[in-house]
Each structure stands twice: as structure tokens, then as C-alpha cells.
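Only the coordinates and a few stated rules stand behind these numbers; no lab work does. Note that the structure is a prediction, hence the values are computed from the model and not measured. Because the Cβ atoms are built from the backbone with ideal geometry, glycine has one as well, and the counts that use them run over all protein chains shown.
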Amino acid sequence: MGSRATARPFLGLPLLVLIIAGTACSMPACGGTQGESAVGARESAVGARESESESASESSASASASASGLPDFRAVAPAPGPTGRAIAELEPARCRAVLRELDIPFDRSTDERARGIVPAPVVPTGPVNGIALEFEGRRALHRVMDCRLLVAIHAWAPILRAAGVTRIRHLSAFRPGARVRSTGEASGHSKGLAFDPRFFEREGAEPIDVLEDWQPRDRGAPPCGEQPEDGEEWPPLPPPAEGEENGAILRGMVCEAIRRDLFQVVVTPHHNDAHANHVHVEVVPGVDWSWNG
Ligand SMILES: [Zn+2]
């Protein structure tokens with residue numbers, strides 16, 4: 001669904017990642033001012049595709065989902081409003097109008113550090129399409145996000161709700177000056193276009209914690225199976241191994257967001273140690289590619 005087969009047009013140094021990783025957040029867009037880890041795991045991702053695609057061919061997503069009792073994420077009706085890549089292209093005034101139209105509660109951020117850097121800085125002030133957003137850190141500035149990221153979260157919400165999720169606890173959104181460690185490029189966090197969910201709290205069930213529950217997490221393996229060519233469909237996810245049901249739910253929620261092109265860059269625990277405890281999801285305007293690893 002609009003995802004491009006093209007890899008991100010810069011490649012990092014996976015070995016370097018292993019050495020420098022280890023802080024709570026870094027990534028193609030994660031790292032704070034202290035820097036970021038490499039995004040370019042294309043080589044290793046390619047090398048680990050066989051097992052994913054083999055199991056993927058066994059059955060359809062719906063069939064495996066229903067057989068295993070997991071939510072059928074592909075069947076979830078889209079949220080109203082803009083979706084997919086169109087979210088990334090919303091102009092600031094139009095984006096804020098969309099927030100109002102969709103009843104997404106927000107305040108405009110007046111923080112000086114966001115001025116001129118985050119095109120439409122906002123702070124969510126209540127549940128977004130049924131999903132509460134809770135910031136785990138201490139610096140209030142990191143709660144600020146660009147309006148487009150908030151719209152993308154709104155579009156993700158029905159998928160999350162299908163798994164019973166009512167609250168996301170995240171590690172940060174806007175972090176001024178954040179750079180991709182390996183390349184020096186500006187991180188999505190530096191513009192408020194990325195955030196890092198760690199905990200997915202559910203009604204009547206234990207929270208899903210990326211650190212504990214993202215399983216399996218084979219380094220370099222494509223988290224959602226092999227990214228399809230334009231016009232092709234993503235492979236279905238394999239059914240979960242015993243004891244990895246939460247991991248399958250987590251992966252299902254993330255991979256469905258990728259399939260619907262709500263975020264153009266997604267970095268998971270497959271990528272490096274710096275992403276062991278969260279999933280980095282990022283809206284990227286003005287590109288015709290997507291990347292996940
Ligand atoms: Zn991040």
C-alpha cells in the first residue's frame with residue numbers, strides 16, 4: 001500500500017551501531033543531541049529474509065490471525081481523515097484544522113525551541129482516537145510533536161484498539177538537534193516528526209513492553225517480512241510461537257501501520273541495541289520511499 005521498495009538512500013555502519021548503541025533511544029531518528037545510531041541495515045536485512053518469507057507463504061494474515069486468536073489487523077477499518085502518505089504532506093494550518101475536525105485534543109506549543117524548527121508544534125492533551133499518550137521522560141519539551149505525527153497516531157489508533165490498547169507510554173517525540181548518529185543527518189525527532197513508543201497498555205490484559213515482548217528479534221531480519229515492490233502486497237506475518245503471543249500482537253500493530261504507510265521510517269529491536277526497548281515511528285514528508293528495519 002504505497003510502500004516503496006527503495007531502501008533509505010543512505011546506509012550506515014551496522015558494526016558501528018553495535019559499538020555505539022546502548023542508550024535508550026537512538027536511530028535513524030532517535031538519538032538525542034548525543035547522536036544517533038545507523039539506519040542502514042539493508043545488507044543484514046536482505047541476508048535474513050529467507051526464514052521470514054518462508055513462513056509468510058504458509059497462510060494468509062487473516063487465517064493465521066484467526067487461527068491463533070490474534071486480532072485481524074488488516075481487516076480494521078481506517079480512521080476518518082487523512083491516511084497514509086497524505087498525512088506527511090499536510091501543511092501546518094491544514095493539519096491543525098484536521099486535528100479540530102477529528103476531535104483530537106491538543107494545545108499549540110509556544111516553546112521557543114520548537115519555533116521555526118517544528119512546522120506545527122502541538123502537545124496532545126487527551127486521548128487520541130481512544131489512545132492516551134503518556135510521556136515517560138522528564139523534559140516536557142519532549143512531549144511536543146509536529147501536528148502530522150499526531151494525525152498519524154490518530155490513523156494508527158484503530159489498529160491499536162483492535163488489540164485492546166488504550167494507552168501508549170513513549171520515550172520522546174521532539175528532541176531539538178537530534179541527529180542520526182551514523183550519518184549526521186537530522187533525525188525525525190529534531191523536527192517533532194518521530195516518537196518512540198515503549199509500552200502499549202491494554203484493558204484487561206498485561207501491558208505489552210517492547211523490551212520484553214518484541215520476539216523474535218533477530219538482528220537484521222526484516223521485522224515485517226520482505227518489503228514488497230510497488231503495487232505488491234506485504235506478506236502475511238507468521239503465526240506466533242508459543243509464549244510469543246504478545247510479540248505477535250505488537251508486531252501486528254507495527255507492521256499494519258507500515259503496510260498502511262502511516263509512517264515512512266520504522267525502526268524496531270531488529271535494528272540495533274539502541275532500539276531494544278522501543279519502536280521508532282517517523283513521518284517523513286516529501287519522499288517516495290519508506291524504510292523499516
Ligand atoms: Zn526514535
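Quick one: which residue in Arg181, Arg167 is basic (Lys, Arg) and closer than 15 Å to Arg143 by Cβ?
Sole residue among the options that is basic (Lys, Arg) and closer than 15 Å to Arg143 by Cβ: Arg167.
Going through segment 167-206 one residue at a time, which ones are more than 17 Å from Val128 (Cα to Cα) and without any contact (Cβ under 8 Å) to a residue 60 or more places away in the chain?
If the condition is that a residue be more than 17 Å from Val128 (Cα to Cα) and without any contact (Cβ under 8 Å) to a residue 60 or more places away in the chain, then Gly184, Ala186, Gly204, Ala205, Glu206 are the ones that fit.
Out of segment 263-293, which residues are more than 15 Å from the ligand (Cβ to nearest atom) and either in contact with an Asp or Glu (Cβ under 8 Å, 6 or more places away or on another chain) or outside any loop (DSSP other than H, G, I, E, B) (or both)?
Answer for segment 263-293, where residues must be more than 15 Å from the ligand (Cβ to nearest atom) and either in contact with an Asp or Glu (Cβ under 8 Å, 6 or more places away or on another chain) or outside any loop (DSSP other than H, G, I, E, B) (or both): Pro285, Gly286, Ser290.
Output the residues belonging to segment 85-102 that are out of contact with any helix residue (DSSP H, G or I) (no Cβ under 8 Å at 6 or more places or on another chain) and either among the small types (Gly, Ala, Ser) or within 14 Å of His154 (Cβ to Cβ) (or both).
Ala86, Ala93, Ala97, Arg100, Glu101
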